[in-house]
């Protein structure tokens, strides 16, 4: 077969009776890229990931990893993959060390190398002090950390991550984000689904957007900023904003609408791009309003996401 | 894969080649699964139950004939097999789906067949430890009290081994088709302990020999201690004709082997296609 990328979906379709979860998905993930996989609940994100990780079979079409058909050459296809899918669960009677040893042995790791690697990855995810405790007692966040450790254990070149920060506290989320950035530097291919647009915008090189099982866009993150300019800003003032001040802002010629969200916060819809956004700031300050913060109401990615999802309905 | 360069191809090849053999993966799965029985204390509980049963039997009755003695001691062996396969294999496949551990193991470079057969081997080992321990205690008891060893113990053990294989295959098959661990374990136990024996009794009453039922076939494991081997009989009580059937050794061996193979194949077929939805 001809394969252009490390991961490839070829006319991938999955139907559950009359419900089509995935419709003729064609996708190529090139080596060394971090691809964010976005879509609302029920869009087909997890279905795609489950097909790529041998959890379900496609109704039609093919999923290839490193050129191997996942359905037919499962062992070879998944040899260089680390995957976290949905909420990870572990055997409660095993400890983190034993679990990772088990997973390592399945992958052909052994001896002193496996022991040191288990210790290393448990250190990375900060679970070392619980390495000999039974997993049955672990919290959701601790299990998520262990899942990340299991993905890193064999140093795979392809990582398939389904909501990798789910269940983590803010510090944990930041650590995972840093980890993904580090993995990107090591030229790993990362295919990551997420609900958190900011997270994807911060970490991904490319973004796939799907809805109702169909691919809507597959673009570079840099391109999004060009294609989808945000045209709303959030303004936070030092003092309470009076009705007169709101009327004055609404009267600025660039402004289309002003929405007050609290005494000191407003969202302003305006016409134009970056230059007009800067001009709007100057005009608001000319009205004598002391501004504490001034930022786009949504990111370019969020703008694209909302617009395309709306159009696809 | 002509879109990839030689360096990439070599790296992929190297990764694939470092994967262990199917046999090694089978051993890994089996040994870690066995840890579950040890940690969960299921095995320990079964060994304790076996010890109590043998000691109670010895305390109640000690026939001078060694064959009668061991036949008494092994009277509950098929019940122990049913409990063992329920505990060690009753939820083997379905638990990966219900408890979501499938999300951990199915994305591994591991064929599902290897996972299933590894679990089967582990459950077989655990069940045979219980059965073997029961036989060992029984033989020691007979030898210490009667000073002689009963004949045909080896054959009886072989027949029980066949019953363990077939009962475990049934347990695995049920486990592959069911959606919940509790339902799967209950159905396994009920089928082997209540449903099959009830059908067996009903068929006997109707004058049909239930040679095709695995629980009936398993009877050969203790019946071989009887000399001569019992034959089917019919007795008349007024208008009621009572048939007493005994399993034939050769047919029963075939029946148990067929159950073992067929049910395991059905389990395998279902488990490799079952989806982690």
Practice task
Kindly provide the set of residues from segment A:1-19 that are away from chain B (no Cβ under 14 Å) and either surrounded by fewer than 16 Cβ atoms within 10 Å (Cβ to Cβ) or under 24 Å from residue A:185 (Cβ atoms) (or both), ordered by number.
Solution key: A:11, A:18
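Of the residues that sit in segment B:75-104 and are more than 25 Å from residue B:47 (Cα to Cα) and touching a helix residue (DSSP H, G or I) at 6+ places or on another chain (Cβ under 6 Å), which one is surrounded by the most Cβ atoms within 10 Å (Cβ to Cβ)?
As a first pass, look at segment B:75-104 and keep what is more than 25 Å from residue B:47 (Cα to Cα): B:94, B:96-104.
Filter again for touching a helix residue (DSSP H, G or I) at 6+ places or on another chain (Cβ under 6 Å), leaving B:94, B:96, B:98, B:102.
Numbers: B:94: 24, B:96: 26, B:98: 18, B:102: 22.
Checked segment B:75-104; the qualifying residue surrounded by the most Cβ atoms within 10 Å (Cβ to Cβ) is B:96.
When you scan segment A:20-42, how many residues do you find that are more than 14 Å from the chain's Cα centre (by Cα) and either within 12 Å of chain B (Cβ to nearest Cβ) or crowded, with 18+ Cβ neighbours inside 10 Å (or both)?
From segment A:20-42, those more than 14 Å from the chain's Cα centre (by Cα) are A:20-32, A:42; that's our starting set.
Right, trim to either within 12 Å of chain B (Cβ to nearest Cβ) or crowded, with 18+ Cβ neighbours inside 10 Å (or both) and you get A:21-22, A:25, A:27-32.
Adding up the residues that qualify gives 9.
Does segment B:89-112 contain at least one residue that is at positive phi, within 14 Å of another protein chain (Cβ to nearest Cβ), under 19 Å from the mean Cα position of the chain (by Cα) and modelled with pLDDT under 95?
Within segment B:89-112, the subset at positive phi is B:100.
Narrowing the set further to residues that are within 14 Å of another protein chain (Cβ to nearest Cβ) leaves B:100.
From what's left, under 19 Å from the mean Cα position of the chain (by Cα): none.
No, segment B:89-112 has no match at all.
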Handout entry: Residues located in segment A:122-137, provided they are in contact (Cβ under 8 Å) with a residue 40 or more places away in the chain and within 10 Å of residue A:96 (Cα to Cα)
Key = A:134, A:135
Handout entry: Checklist (1) surrounded by 18 or more Cβ atoms within 10 Å (Cβ to Cβ); (2) within 14 Å of chain A (Cβ to nearest Cβ); (3) assigned to a helix (DSSP H, G or I) applied to residue B:72, failing item
Key = (2)
Practice task
Can you tell me which residue within segment A:153-178, out of those that are part of a helix (DSSP H, G or I) and in contact with a helix residue (DSSP H, G or I) (Cβ under 7 Å, 6 or more places away or on another chain), is farthest from residue A:139 (Cα to Cα)?
Solution key: A:177
Problem - Residues located in segment B:21-50, provided they are touching a helix residue (DSSP H, G or I) at 6+ places or on another chain (Cβ under 7 Å) and either over 30 Å from residue B:134 (Cα atoms) or modelled with pLDDT under 90 (or both) - result: B:22, B:25
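Say whether the condition of being assigned to a helix (DSSP H, G or I), surrounded by 18 or more Cβ atoms within 10 Å (Cβ to Cβ) and more than 8 Å from chain B (Cβ to nearest Cβ) is met by at least one residue in segment A:129-138. Even if it seems obvious, please write down each step before you answer.
Filtering segment A:129-138 for residues assigned to a helix (DSSP H, G or I) gives A:129-130, A:135-137.
Checking which are surrounded by 18 or more Cβ atoms within 10 Å (Cβ to Cβ) leaves us with A:130, A:135.
Restricting the remaining residues to those that are more than 8 Å from chain B (Cβ to nearest Cβ) gives A:130, A:135.
So far as segment A:129-138 goes, yes, one or more of its residues are assigned to a helix (DSSP H, G or I), surrounded by 18 or more Cβ atoms within 10 Å (Cβ to Cβ) and more than 8 Å from chain B (Cβ to nearest Cβ).
Look through A:43, A:79 and report the one residue that is over 28 Å from residue B:30 (Cβ atoms) and part of a loop (DSSP other than H, G, I, E, B).
Working: A:79 fails: over 28 Å from residue B:30 (Cβ atoms).
Answer to the check: A:43.
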Practice task
Go over the candidates A:100, A:146, A:114 one by one and state the one that is under 24 Å from the mean Cα position of the chain (by Cα), part of a helix (DSSP H, G or I) and either buried (at least 18 other Cβ atoms within 10 Å of the Cβ) or more than 10 Å from every other protein chain (Cβ to nearest Cβ) (or both).
Solution key: A:146
Exercise for the section: Test residue A:55 against the stated conditions and say whether it is free of Cβ contacts under 8 Å to residues at least 40 places away in the same chain and either in a loop (DSSP other than H, G, I, E, B) or within 21 Å of the chain's Cα centre (by Cα) (or both). Expected result: yes
Problem - helices (runs of 4 or more DSSP H) contained in segment B:164-239 and holding at least 2 residues touching a strand residue (DSSP E or B) at 6+ places or on another chain (Cβ under 7 Å) and surrounded by fewer than 21 Cβ atoms within 10 Å (Cβ to Cβ) - result: none
Handout entry: Residue list for segment A:43-87, filter: buried (at least 19 other Cβ atoms within 10 Å of the Cβ), within 12 Å of chain B (Cβ to nearest Cβ) and under 20 Å from residue A:212 (Cβ atoms)
Key = A:46, A:47, A:49, A:50, A:51, A:52, A:56, A:58
Handout entry: Those residues of segment A:234-277 which are part of a helix (DSSP H, G or I) and within 33 Å of the chain's Cα centre (by Cα), in sequence order
Key = A:274, A:275, A:276, A:277
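The values are calculated or read from the model by the stated rules, or taken from the named source; none is laboratory data. If you're wondering where the values come from, they're calculated on a predicted model, not measured in any experiment. Cβ atoms come from the backbone with ideal geometry, glycine included; neighbour counts cover every protein chain shown.
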